[in-house]
Each structure stands twice: as structure tokens, then as C-alpha cells.
Amino acid sequence: MTAKEMFEALGYKQTTNSDSLIKYIDDSYGYGDYKYVVFHHFWKEYLVGYYDGYETKTRPRSKVSIEEHEAITKQMKELGWI
């Protein structure tokens, strides 16, 4: 199973896949809210956050489940980071 398939099984959609970044979004929270995981190729780092569309605030952190951690690890392996 690929990282993309793992994220999709968790309810995420891949919204960006370019030379500079890969972005997954889970918009199942409603009211314009979504959780995101972004991988930056250049810096070899990833961000996990939650966007609150109702109050238009971006929160810099979010909890990560074991399943999300496994998908993140798989993505980093596919990118050759680990």
C-alpha cells in the first residue's frame, strides 16, 4: 500500500503533488474546517495542522494518530528521506 492509499483510507485527499510539496487534506470536519499534512521536498520536513474555517484561524499543531503516523512515515520513505 502506498502512502497516498494509506492517507485516502484515513479520509484524506491529496490536493497537491508537485516538485516542491505534497499536501493531503481531511475536510470531513464540516464548516470549512480541515486537517492537513504537508510535505516540503526542499527542506525535507512535514507539517501537520488544523484549519478552522469558521473562525478563519490556523492552528499550528494537531494530534496525530498511530495510523496517520504510519502514513507519514511511509510517505517519508517513498520520498527517500528515511
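Each residue in the range 10-41 was checked for being more than 22 Å from Trp81 (Cβ to Cβ) and small (Gly, Ala, Ser), and 4 of them qualify. Please go through the range 1-36 and give me each residue that is touching a Gly at 6+ places or on another chain (Cβ under 8 Å) and of a type outside the set (Ser, Thr, Tyr), ordered by number. Across the range 1-36, the qualifying residues are Asp26, Gly32, Asp33, Lys35. Only residues that are in contact with a strand residue (DSSP E or B) (Cβ under 6 Å, 6 or more places away or on another chain), surrounded by 15 or more Cβ atoms within 10 Å (Cβ to Cβ) and part of a loop (DSSP other than H, G, I, E, B) were counted in the range 1-38, giving 3. Across the range 39-59, the qualifying residues are those that are modelled with pLDDT under 90 and in a loop (DSSP other than H, G, I, E, B), and the one among them that is nearest to Thr73 (Cα to Cα) is Gly53.
The values are calculated or read from the model by the stated rules, or taken from the named source; none is laboratory data. For clarity, every value in this text was computed on a predicted model and none was experimentally measured. All Cβ positions, even for glycine, are placed from backbone atoms using ideal geometry, and neighbour counts span all protein chains on display.
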